[in-house]
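See below for the structure under consideration.
Every number here is computed from the coordinates shown, using simple stated rules; none is lab data. Source: prediction; values computed, not measured. Neighbour counts are summed over all protein chains in view; Cβ atoms, including those assigned to glycine, are modelled from backbone coordinates with ideal geometry.
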């Protein structure tokens, strides 16, 4: 799997967890909401260090 494919999957995961957080908030499940938001933030942070397929230095 290429880096860009992995990034696309992770971006979809981020969107999924943010959507879940809104759903949990609507049910007043605030701890679950915070957990989903943290998961999304952690994945987003990991993406900032992930190289793209165009980066030739890291393979």
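Per-structure values
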{"read-out": "Computed helical MRE - 222 nm, the chain, DSSP H runs ≥ 4 contributing -39500 (n - 2.57), nearest 500", "value": "-26000 deg cm²/dmol"}
{"read-out": "Where labels lie 7 Å past Cα in the beta-carbon direction, separation of residue 5 and residue 50 in nm", "value": "1.3"}
{"read-out": "Stretchable slack from residue 13 to residue 28, in nm (0.36 nm times residue separation minus alpha-carbon distance)", "value": "3.2 nm"}
{"read-out": "Equivalent ellipsoid dimensions for the chain as semi-axes, Å, which come from the Cα gyration tensor, largest first", "value": "30, 10, 5"}
{"read-out": "Relative contact order of the chain, pairs being alpha-carbon contacts under 8 Å that are 6 or more residues apart, as %", "value": "43"}
